[in-house]
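Below is one structure, written out as structure tokens; comments come after it.
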Amino acid sequence: MRSRHRTTPPDTDRSRTDRSLLRDSSLVWLASGIVGVSFGAVSVAGGLPLWVPVLMSLVVYAGSAQFSAVGVLLAGGGPVAAVTTGLLLNTRTAAFSLAVAEIIGTNRATRFLGAHLVTDETVAFALAQSDPVRQRRAFWISGLGLFAVWNIGVLAGGLAGGALGDTARYGLDAAFPAVLVALVLPALRRDATVRRCALLGAALALAATPAVPAGVPVLLALTGLFLHRRPTDRGAAA
């Protein structure tokens, strides 16, 4: 006798999941595109040739590091100083990579490509999902879309050059932080330990902001992770 209850085909479930992730990712992509336009415009308006921000976005692909490196160059610093600044700011992605290593996949080529897509946004978006399968699809959907939109935005901003003027006066620089806060809120609500880590990291970052170069407070915020303990650690301590 046939059951009247029909199970949903896996392909249908996957399609629904992808549509949901695409919808949720769109806000992050929008913010990324806006900041990318700003980066391209600032770089070209400052005197750099168009190929510099475009190539940097394709190869380096790290928003804060790119802004800092270009800032050093436009201020008269040399390439070594610019690269060193970018590398320092990007060290935080080492911790992010550990957090999503299993999510990305085990294939060597997949991990190589996935490592290039590791950003604050893709990690936050992936870890906010409820199960490993959805986390992996969230990482790749958000990561590939973010990479594409960022580079398109940088190219568009570079072509516009100085026509946009000072993009900070439009308040566009607030778009990324607002999106990141929205992404991490679910995790903060669920886990008290995560809240304590975040509060400590935020306090240290805010305290250091007036005294250190831009981007360094983000690195200092990672010290909040020392408050994090795995459930097994608590059991062992008991």
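The values are calculated or read from the model by the stated rules, or taken from the named source; none is laboratory data. Keep in mind it's a predicted model, so treat the numbers as computed, not measured. Ideal geometry is used to build each Cβ from the backbone, glycine not excepted, and the neighbour counts take in all protein chains shown. Side chains included, ligands, DNA and RNA excluded: accessible areas come from the protein's heavy atoms. Shrake-Rupley method; radii C 1.70, N 1.55, O 1.52, S 1.80 Å.
A few notes on this one:
- Per residue, in Å², the accessible surface of segment 18-183 once ligands and nucleic acids are set aside, probe 1.4 Å: 49
- Peptides 66-74, 189-197, 150-158 ordered by packing proxy, namely the average of other Cβ atoms within 10 Å per residue, highest first: 150-158, 66-74, 189-197.
- Here the Karplus curve 6.51 cos²θ - 1.76 cosθ + 1.60, taken at θ = phi - 60°, turns the phi angles of segment 37-50 into couplings of 4, 4, 4, x, 5, 4, 5, 6, 5, x, x, 7, x, 4 Hz, with x standing for Gly and Pro.
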